[in-house]
Amino acid sequence: MSCIIIGASHAGVQAAANLRRQGYAGKVILISADTVLPYQRPPLSKAFLQNVLPEQKLWLRPETFYQQKDIDLMLGKRVTNIDREQRTVSLDDMQCLSYDKLILATGASIRRLTVPGSDLSGVHYLRDYQDTMGIRDSLKKAHNVVVIGGGYIGLEVAASLQKLGKNVTLLLKHDRPLSHISNNVVSDYLTQLHTTHGVNIQLNVVVTEIIGVDKVLAVETENGQRYPADMVIAGIGVVPEQQLAEQCGLDVNNGIRVNEYMQTSDHNIYAIGDCSSFYHPVYQKQLRIESVQNATDQAKTASTAICGQFVPYSATAWFWSDQYDDKLQTAGLSEGYDEIVIRQETEKSLAVFYLAQNQLIAVDTINQPKSFMISRKYIHNLPKVNKVILADKNQDLNSAFTEIAGV
């Protein structure tokens, strides 16, 4: 009996650990293309990029963990093929391994720039350990840095570089940061935050070319503006790593499609984390969520099923982002909201509650960890909320969810 896990980030490592925790007695093989121990992803754009987090603090588990739990960790190996009929996987070093159960935790890969000059030296992306190490090395000789993208990665990288004393320009295609997931109240706060710290934010700009000879010198936008750049870092999204699944005939559509137990169209193969696409019963649609929470929770669902207990996955998604000394925390998905309620405790502390038909469906908090923890558990769990109490910083937040609902 053996279980092979392809991918050793948050999802893969959690799946391996959970299999052992739940008493799985078979062989557990964890395959990673990385040559270093499995590591946390969030610090790559923050503390580790700033070189204030020691490398050993980056590891998800110490090396001894894999030995003690009898997990065969294979580093620097790539899977080239999955044979579903024979239940084998082939590696790039010609090894062929047999499995009874297979977990795909292949994650996602960066979306790359396609404009002229995007292949110049000095153009970087940030997705893995090697990316961050490359950026850290290039930063030694760079002063003017252009960051492209207004999502989490772009914002976090801009904040980190500004803290390192770089001259940072942040180029956004849309009219505000986090435009695809947050209300303009949050976006405006973040815009002001970065501007106050000295970042040059440019909104509604489309990059048309990266200028340089061998090495990047500037970034040009659609309106003809040129921004000097010793280096460029692009954070323009990711695409799910689903090639192996496609090649072996599994169902894919913006991710590897799975059921509520994380099983693919072949029930001996599971997919978890950024690469998986699943139907969420609350949102009643297919979702692919990129978050540590989703990765670890799906890993638990898959490993539990492999051990014989089938518990449907229906967790509420949550995310976080550290920028400068501010912490943004989000729970739920705000798509479809028809009203927002704002609870502002101080100039630097606010919560935005997203309602749909007077039901809480999502929350964004900035420097309000208590509000985040309280409201997260009520998302989609109550028929309605008390909006007056919700907005009043002087009243207990719990009562906004319990007074009317009678909980």
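For Lys327, the residues 5 or more places off, or on other chains, whose built amide H falls under 5 Å of its own are Asn367. Taking other residues whose beta carbon is less than 15 angstrom from the beta carbon of Gly149, and scoring Lys, Arg as +1 and Asp, Glu as -1, yields +1. Under the combined filter of DSSP loop state and at most 11 neighbouring Cβ atoms within 10 Å, segment 280-372 retains these GluC sites (Glu not before Pro): Glu347. Fewest-first ordering of Ser138, Ser321 by other beta carbons within 10 Å of each residue's beta carbon gives Ser138, Ser321. Considering only Val36, Val79, Val13, give the residue with the highest GNM mean-square fluctuation for the chain, with springs between Cα atoms whenever their separation is below 10 Å. Greatest mean-square fluctuation among the candidates belongs to Val36.
Long hydrophobic helices in the chain, taken as whole DSSP H segments with a C-alpha length of 18 Å or more on their own axis and mean Kyte-Doolittle hydropathy at least -1.0: 292-306.
Near Arg41, once Lys and Arg are set to +1 and Asp and Glu to -1 for all other residues with Cβ below 12 Å from its Cβ, the sum equals -4. Which of Leu328, Leu120, Leu104 ends up with the largest GNM mean-square fluctuation for the chain, with Cα atoms connected below 10 Å? In the Gaussian network model the winner is Leu120.
For the chain, adding -39500 (n - 2.57) for each run of n ≥ 4 DSSP H residues and dividing by the number of residues yields -6500 deg cm²/dmol at 222 nm.
Measuring against 26 Å, Cα to Cα, the residue pairs Lys57/Lys285; Lys69/Lys101; Lys57/Lys77; Lys77/Lys140 contain Lys57/Lys285; Lys77/Lys140 as the ones spanning a longer distance. Exposure proxy shown here: for Met74, Met94, Met373, the number of other Cβ atoms within 10 Å sets the order, fewest to most, as Met94, Met373, Met74. Loop-resident trypsin sites (Lys or Arg not before Pro) (DSSP state other than H, G, I, E or B) in segment 117-154 with no more than 10 further Cβ atoms inside 10 Å of their Cβ: Lys140, Lys141. Can you give the relative contact order of segment 112-234 as a percent, counting alpha carbon pairs under 8 Å and 6+ residues apart? Computed value for segment 112-234: 36 percent relative contact order. The relative contact order of the chain, computed from alpha carbon pairs under 8 Å that lie at least 6 residues apart in sequence, is 14 percent. Distant-in-sequence amide contacts of His124, defined by a placed amide H-H separation under 5 Å and a gap of 5 or more residues or a different chain, comprise Val232, Ile233, Ala234.
I need the per residue convex hull volume for segment 112-234, using only the alpha carbons, in cubic angstrom as a whole number. Show your work: numbers first, answer last.
On the way: hull volume 12.1 nm³, N = 123.
Enclosed volume per residue, from the Cα hull, is 98 Å³.
Rg/Rh, computed from the Cα trace of the chain with Rh as the Kirkwood radius, has the value 0.99.
Across q = 0.23, 0.26, 0.28 Å⁻¹, segment 325-402 modelled as identical point scatterers on its alpha-carbon atoms has Debye log10 I(q)/I(0) values of -1.03, -1.33, -1.53, in the order of the q list.
With one equal scatterer per alpha carbon and no solvent term, the Debye-computed log10 I(q)/I(0) for segment 46-132 at 0.17, 0.23 1/Å reads -1.04, -1.21. Qualifying GluC sites (Glu not before Pro) in segment 36-86, where qualification requires a DSSP coil assignment and no more than 12 other C-beta atoms within 10 Å, comprise Glu85.
Centroid-to-centroid, using Cα positions, segment 352-396 and segment 34-73 are 35 Å apart.
If you wrap the Cα atoms of segment 151-190 in a convex hull and average its projected area over all directions, you get 2.8 nm². How big is D, in µm² s⁻¹, for segment 171-314 by Stokes-Einstein at 20 °C and 1.002 mPa s if Rh is the Kirkwood radius over C-alpha pairs? Diffusion coefficient, whole number: 116 µm²/s. Restricted to Cα atoms, segment 91-165 shows a radius of gyration and a Dmax of 17.2, 52 angstrom. Note on the chain: antiparallel DSSP beta bridges, both residues inside, total approximately 60 percent of the bridges counted. Annotation: amide H of Ser276 within the under-5 Å range of Ile256, sequence separation 5 or more or interchain, hydrogens built in the peptide plane.
Just so you know, all these numbers are worked out from the coordinates, no wet-lab data involved. Keep in mind that what you see is a predicted model, and the values were worked out from it rather than measured. Here the Cβ is made from the backbone with ideal geometry for all residues, glycine too, and neighbour counts use every protein chain on show.
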